[in-house]
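**Q** This is the structure I have questions about; it appears just below.
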Number of protein chains: 4
Amino acid sequence: MLIIMDPEANVENINKVIKKAEGYEMKVIVNKGEFQTVLALIGNENKIITPDIFASMDGVADVQRVQVSFPLVSRQLKKQDSIIQISPEVKIGGKNELIVMSGPCSVESEDGIIETAKAVKKAGAKILRGGAYKPRTAPRTFEGLGELGLRFLAQAKKETGLPIITELMDIRDIEVVCEIADIVQIGARNMQNFSLLNEVGKIKKPVLLKRGMSATIEEWLLAGERIINNGNEKLIFCERGIRSFDSKYTRNVFDLSAIPLIKQLSHFPIIADPSHATGKKSLVKSMSFASIMSGADGLMIETHPDPENALSDGPQSLKFHEFEELMKDLQKVHTLANELY
Amino acid sequence: MLIIMDPEANVENINKVIKKAEGYEMKVIVNKGEFQTVLALIGNENKIITPDIFASMDGVADVQRVQVSFPLVSRQLKKQDSIIQISPEVKIGGKNELIVMSGPCSVESEDGIIETAKAVKKAGAKILRGGAYKPRTAPRTFEGLGELGLRFLAQAKKETGLPIITELMDIRDIEVVCEIADIVQIGARNMQNFSLLNEVGKIKKPVLLKRGMSATIEEWLLAGERIINNGNEKLIFCERGIRSFDSKYTRNVFDLSAIPLIKQLSHFPIIADPSHATGKKSLVKSMSFASIMSGADGLMIETHPDPENALSDGPQSLKFHEFEELMKDLQKVHTLANELY
Amino acid sequence: MLIIMDPEANVENINKVIKKAEGYEMKVIVNKGEFQTVLALIGNENKIITPDIFASMDGVADVQRVQVSFPLVSRQLKKQDSIIQISPEVKIGGKNELIVMSGPCSVESEDGIIETAKAVKKAGAKILRGGAYKPRTAPRTFEGLGELGLRFLAQAKKETGLPIITELMDIRDIEVVCEIADIVQIGARNMQNFSLLNEVGKIKKPVLLKRGMSATIEEWLLAGERIINNGNEKLIFCERGIRSFDSKYTRNVFDLSAIPLIKQLSHFPIIADPSHATGKKSLVKSMSFASIMSGADGLMIETHPDPENALSDGPQSLKFHEFEELMKDLQKVHTLANELY
Amino acid sequence: MLIIMDPEANVENINKVIKKAEGYEMKVIVNKGEFQTVLALIGNENKIITPDIFASMDGVADVQRVQVSFPLVSRQLKKQDSIIQISPEVKIGGKNELIVMSGPCSVESEDGIIETAKAVKKAGAKILRGGAYKPRTAPRTFEGLGELGLRFLAQAKKETGLPIITELMDIRDIEVVCEIADIVQIGARNMQNFSLLNEVGKIKKPVLLKRGMSATIEEWLLAGERIINNGNEKLIFCERGIRSFDSKYTRNVFDLSAIPLIKQLSHFPIIADPSHATGKKSLVKSMSFASIMSGADGLMIETHPDPENALSDGPQSLKFHEFEELMKDLQKVHTLANELY
């Protein structure tokens, strides 16, 4: 149930509603919007607790039953875009400057990641990506440098000031990852690892939630709902392609209409990962253009000093000079998108 | 096998190669490019007929074995874009003005289609779409007006000058359809109706080939190859979304990366149909932007005078004023795309 | 709407109901069951025509609104299994002897098909399969012998007495195919070729309707409904595998639960094609067992005198001695299935 | 690389090969077969380490390069079926008595699970299933009783002697789960939770690995390979249906051909879960028959004292008397399958 408070409602009005709801053993999530406060009442929706119990209270403008199973991430709860602050300078969501996260699939060496950080920063990237823990389908393949990789990322951040995004795969690594990460990434294969979702729901860092390989839009939103439901309020969705019947030319099918759809259904931002979605360097440019033009709040693009010799995902990584050229074009696309939306 | 003739090669040189190839019972397709002629030799590729049989002939610059199963539609055959002339004023492919085909899913009345034709022309559409024969999953539902619908389309063309695109479903209708259509559309459900493909391969009209609901990129290209192989050289691909595991919010998954991919693999143009791909009016704007920005040679967008009361596909059809506003924005996107590609 | 007549109802009662329904511009389909007659009233279901209009008429036992979009193929219309008579000796559906259709993917020579017919008959097959017209994804590949292939099939039938099933792809071939075919097969790629479905709906021969590669259960039933709606009452469904995200080891995913599901939803029989469903000879035995045990009314199994040199589908074809051994085992499985269902 | 030792080879011969391989930094897995020992050499396969380095050593019969990416689970490593001992009385794999695991989706009460254990034991089930930790797509739904549920399962085991299978979702629960579970289940959503797979690879209990919702056969085998690679040698695969484009009538598509396929590709047993695969009680009987007849080493079937009021998965659960009847039929199917395979 959503309690939309009157713009004129005072703290006392709000507290009374909260107290009453808690008296019915409902959990209350408070959303202070620009104009008014909205209270989401979760749980214990039974026949006795009807909207009219709250409708006549002082300061209550409206009471709505929520139709969706994901009220906390839903646009119903919050009309305006949620903006996620990553660092003092960088935020994601709303009308902003172009946000591109770039770097290698996996951190391979200290020199390599620092060189990459400098190159992508120069080209205009706002966030450095790099995997220290890598999910790999086959055992006995390179699975990342682990904590050493995290230390190299920390060094790259120190030298360039770029915030870091890196993947968390194992609950037991949550502390070391949070020490250096500015955004904690949940990978596609873990989108329904509910234990992991519960835990990142308890931290204060922004979480980037990649879509599972065959996750429906609703399952994805519900995975986000689980994070928010645990108390974290900093969520970023990331479309990275879904599995289809055809993988001859592209690794996945890039479900681009998911971008405007998520923005219609949820107040949280969504970025696009054309590198993983297509798995093909030659498609990154056009799909980056299309992502921005479809309303994405940012991009994740893989770069590598030497893609041919990358330990993972070489075929989809750009060289630095290619990335630099792409970024110039992307600025133009971003400017037009800002004008048209 | 592809025989790339020298830019200096004369007609005699070319004829000698053709004659030799035909002596080996190979079919020869002649492609006169801007700079040079390329001959595609089809069939009878056996161990005896090796490239060196042709390599030393006068006027032959290079001989290449073709790796793909779709040589005629392939970029290997022709580096430059094929441009399909629709009417004296309208052509599709290459760097052109914005090409938008618009109109209702099905023609419902003479007044309705004429009103639509005028409205979409005013907004900037170059081609009128409208179904006279409608494929319907369920029997006993409205299946189009048939020949009457064709006559209404002819009238709309007469009044506005807009070229017509309409679907052909049944071989027996090929003559009546060709009488009024400037582009013959093959629908998704018929993409592997090989008899129908063979027949539209024998006509002179441009054919728009929609992607089958679960057709791989290769199957789609092969369906196009079949048309070209029958002698028609005017092909336009159309991405209209593919079937996925999730149809809760969108009718299909719009496989947008198919657009740059087809342009890499084939010399024929490709347009996008965001209306059918998403099935949702609220996604048409962003997906039209994204399509153009990903390099599409044009768009197909459904409009209807009164979407709420349309006999088919109402939920995805725009009203005229919505279409008009969209077209203004699309011009800007098209201008930028022309600059960046 | 279904009008269930009383077992005691006489012809006059029935005719009065029909006349009344026709007065409302409804189409009436008469189903004379073992115990009672059921009338299906199709079309013009509006608010005025309610069940009570018919409920009080003499001889009417019950009136039911049909919930499904495929009333004619539905179990609601007819509780008992429809049994399709193929030849004086062979029928499909209900509790019968084991029905196996066998033969090559495509008819390649007169001797070959006659040899095959004799071999499969000896092993216990009841019907000879063989393609004269073959749908092929790529042009310029072997597409069957056409009418010559039909003549060879006719000869094989003459020599063995086996009824023939062969595929119809092109409306224009319907007469020549019907001349020799005892069952007309509609292939997966044509399951939504609505013109073709309409035409086979007008013939008197049994039609075997293969499931489309990505057809939902409902779309498949609706394709069958279209055939019945055109007047043909002899329908056999055939599950042949659906497209999935994994084609590394099997050509398709064999959706075996479709078999009991179709039998729950429809009164028409369903057979299974483990050869096409798996595309792999080594899986044909186990999947034939499983098909029969899941309730299939028959099987279609590919055999070839020399699979290694078959012009199509060699990897999934059994040799004659393999087929003969399989048939012995299948008899046992069939006996147990008959006992347990 | 596989080193197939001579049946006559002695311990010293074997040790010398191991020592040499370890000298090349290769990991050695020893498989003592009935007739001979096979050594799997993993890692560091470079150009220098060729088969001939080992081929001439004493006691070496043959050296084979492994083509697959999953050598340890592969049939290449071990021709005969691996048999997994669950308890002194129960084992899975090879030719055995009928193995059925049954019980509720989730443990709801002590009385309920004990009642169920007694009922399914009486009907012939060999193993009790029941979830204490339940993966749920939506937060704020019943997620199982946790440790309390485990205690109830322990009590049911104490009273009936039935071994227990229950799901592990969170690495931190591994000890409490292993205390009571005889088989640790990894659910579909965690099939690529690599941290969890690594950990269950280090325990001694049998692991049942459900197929991921859109996992390819190869990804599934690789997930199993990861478990074995960590040292656990007790693996059971479980097919539980995959995601498709159609979920109107069944929850998943039951990929039954995966059963004979896994048995061809791997030496580990595979069981089928028709309850989850179809999500529909009315399909459980036929799909259980089909599973056994396709060669499955066992079944997992959901039962519940009161399906209508189950907290999860009621629509797919059998009542006890239905289960009892089914088990009688299944014995007949199992007997025939044992005869025919």
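**Q** With every protein chain in place, what's the accessible area of residue D:111 (1.4 Å probe, Å², nearest 10)?
**A** Accessible area of residue D:111: about 120 Å².
**Q** Once phi is turned into θ = phi - 60°, what whole-Hz ³J(HN,Hα) does the Karplus curve with 6.51, -1.76 and 1.60 give for every residue of the range D:191-202, x standing for Gly and Pro?
**A** Values per residue, Gly and Pro as x: 4, 10, 8, 5, 4, 5, 4, 4, 5, 6, x, 9 Hz.
**Q** Hey, another quick one. Given a 1.4 Å probe and every protein chain left where it sits, what share in percent of the accessible area of chain A is carbon and sulfur?
**A** With neighbouring chains kept in place, the figure for chain A is 49 percent.
**Q** Against the longest alpha carbon principal axis of chain D, how many degrees, from 0 to 90 and to the nearest 10, is the axis of helix D:281-293 turned?
**A** 30
**Q** Given the C-alpha centroids of the range D:32-101 and the range C:229-250, what is the distance between them in whole angstrom?
**A** Taking the Cα centre of each part, the range D:32-101 and the range C:229-250 sit 39 Å apart.
**Q** Please compute the modelled spin-label separation between residue D:178 and residue C:32, points set 7 Å along Cα→Cβ, answer in nm with one decimal.
**A** 7.3
**Q** Under 5 Å between amide hydrogens, which residues at least 5 positions from residue B:266 or on another chain qualify, with H placed 1.01 Å from N in the peptide plane?
**A** B:75
**Q** Find the eigenvalues of the gyration tensor of the Cα atoms of the range B:11-81, then list the square roots of 5 times those eigenvalues as equivalent ellipsoid semi-axes, largest first, in whole angstrom.
**A** 18, 16, 11
**Q** Could you run the Karplus curve 6.51 cos²θ - 1.76 cosθ + 1.60 with θ = phi - 60° over the range B:255-268 and give me ³J(HN,Hα) per residue in whole Hz, x for Gly and Pro?
**A** Using θ = phi - 60°, the values come out as 8, 5, 6, 4, 5, x, 5, 4, 5, 6, 8, 10, 8, 8 Hz.
**Q** Still on this model: What average count of beta carbons from other chains do you get within 10 Å of the Cβ of residues in C:63-71?
**A** Other-chain Cβ atoms within 10 Å of each residue's Cβ, averaged: 1.
**Q** Okay, moving on. Tell me the net charge near residue A:90. Cut-off is 15 Å between Cβ atoms, residue A:90 excluded, with +1 for each Lys or Arg and -1 for each Asp or Glu.
**A** +4
**Q** Please list the equivalent ellipsoid semi-axes of the range C:1-144, computed as the square roots of five times the alpha-carbon gyration tensor eigenvalues, in descending order and whole angstrom.
**A** 45, 20, 11
**Q** Residues of the range C:229-250 with accessible area at least 30 Å² lower in the all-protein-chain context than alone (1.4 Å probe)?
**A** C:229, C:242, C:243, C:245, C:246, C:248, C:249
**Q** Highest first, please rank the peptides A:290-299, A:29-38 by the mean number of other Cβ atoms sitting within 10 Å of their residues.
**A** Packing order, densest peptide first, comes out as A:290-299, A:29-38.
**Q** Ignoring ligands and nucleic acids, what accessible area does residue C:20 show with a 1.4 Å probe (Å², nearest 10)?
**A** Answer for residue C:20: close to 70 Å² accessible.
**Q** Here's a follow-up. Run the quick spin-label model on residue A:25 and residue A:332: label points 7 Å from Cα toward the beta carbon, then report their separation in nm to one decimal.
**A** 6.2
**Q** Would you tell me the mean number of C-beta atoms belonging to other protein chains that fall within 10 Å of each C-beta in A:291-297, as a whole number?
**A** The per-residue average across the peptide is 5.
**Q** While we're on this one: At 1.4 Å probe radius, can you tell me the per residue accessible area of the protein assembly as shown in Å²?
**A** On a per-residue basis, the protein assembly as shown sits at 37 Å².
**Q** Which whole number gives the average count of other chain Cβ atoms within 10 Å of the Cβ atoms across peptide D:187-197?
**A** 6
**Q** Turning to a different aspect of this structure: Would you tally the net charge around residue A:199, using a Cβ to Cβ cut-off of less than 12 Å, leaving residue A:199 out, and scoring K and R as +1, D and E as -1?
**A** My count for the surroundings of residue A:199 gives +1.
**Q** Can you pull the accessible area of residue A:268 for me, 1.4 Å probe, Å² to the nearest 10?
**A** Accessible surface of residue A:268 is approximately 10 Å².
**Q** If amide H atoms are built 1.01 Å from N in the plane of the peptide, which residues on other chains or at least 5 residues away come under 5 Å of the amide H of residue D:298?
**A** D:272
**Q** Would you pull out the residues with amide H under 5 Å of residue C:6's amide H, same chain only if 5 or more places away, H placed 1.01 Å from N?
**A** The list, which skips near neighbours in sequence, is C:60, C:61.
**Q** Here's a follow-up. For the range B:89-157, state which trypsin sites (Lys or Arg not before Pro) are in a DSSP loop and have at most 13 other beta carbons lying within 10 Å of their beta carbon.
**A** B:95
**Q** Spelling out what I want: for every residue of the range C:94-110, take phi, set θ = phi - 60°, compute 6.51 cos²θ - 1.76 cosθ + 1.60 (Karplus), and round to whole Hz; glycine and proline get x.
**A** x, 8, 9, 6, 5, 9, 10, 9, 9, x, x, 3, 10, 6, 10, 7, 5
**Q** What does the helix-only formula give at 222 nm for the protein assembly as shown: each DSSP H stretch with n ≥ 4 adding -39500 (n - 2.57), the total divided by the residues, and the result rounded to the nearest 500 deg cm²/dmol?
**A** One gets -10500 deg cm²/dmol as the mean residue ellipticity at 222 nm.
**Q** Compute accessible area for the range B:300-341 by itself and then with all protein chains, 1.4 Å probe, and report residues whose area falls by 10 Å² or more.
**A** By number: B:329, B:332, B:333, B:336, B:339, B:340, B:341.
**Q** Angle check, please: helix D:320-340 long axis (alpha carbons) against the longest principal axis of chain D (alpha carbons), in degrees 0 to 90, nearest 10.
**A** Orientation of helix D:320-340: about 30 degrees from the principal axis.
**Q** Buried accessible area between B and A (1.4 Å probe, both chains summed, ligands and nucleic acids excluded), in Å² to the nearest 100?
**A** 3400
**Q** Pull out a ≥ b ≥ c, the square roots of the eigenvalues of the alpha-carbon gyration tensor of the range D:84-340, then state rounded if a/c is under 1.5, prolate if not and a/b is larger than b/c, and oblate in the remaining case.
**A** Verdict is rounded for the range D:84-340.
**Q** Could you tell me how many degrees, from 0 to 90 and to the nearest 10, lie between the Cα long axis of helix D:11-23 and the main elongation axis, the longest principal axis, of the Cα atoms of chain D?
**A** Approximately 90 degrees, to the nearest 10.
**Q** Here is a follow-up. Might you report the magnitude of the Cβ-based charge dipole of chain A about its Cα centre, with Lys and Arg at +1 and Asp and Glu at -1, to the nearest 20 debye?
**A** 340
**Q** Between residue B:15 and residue B:230, what length comes free when the chain is fully extended (0.36 nm per residue of separation minus the Cα-Cα distance, one decimal in nm)?
**A** Once the chain is fully extended between residue B:15 and residue B:230, it gains 75.3 nm.
**Q** Relative to the isolated chain, which residues of the range D:127-170 have their accessible area cut by 40 Å² or more in the presence of all protein chains (1.4 Å probe, heavy atoms, no ligands or nucleic acids)?
**A** Those residues are D:137, D:139, D:140, D:169.
**Q** Let me ask something else about it. By the gyration tensor of its Cα atoms, with a ≥ b ≥ c the square roots of the eigenvalues, what is the shape of the range A:138-251: rounded for a/c under 1.5, prolate for a/b over b/c, or oblate?
**A** oblate
**Q** Which values, in whole Å and largest first, are the semi-axes of the equivalent ellipsoid of the protein assembly as shown obtained as the square root of 5 times each eigenvalue of the Cα gyration tensor?
**A** 45, 43, 39
**Q** According to the square roots a ≥ b ≥ c of the eigenvalues of the Cα gyration tensor, what is the shape class of the range B:63-160, taking rounded for a/c under 1.5, prolate for a/b larger than b/c otherwise, and oblate for the remainder?
**A** In terms of gyration-tensor shape, oblate.
The values are calculated or read from the model by the stated rules, or taken from the named source; none is laboratory data. Predicted model only: the values in this text are computed from it and were never measured. Every residue, glycine among them, receives a Cβ derived from its backbone with ideal geometry; neighbour counts consider all protein chains shown. What goes into the accessible areas is simple: the full protein's heavy atoms, side chains included, and nothing from ligands, DNA or RNA. Shrake-Rupley method; radii C 1.70, N 1.55, O 1.52, S 1.80 Å.
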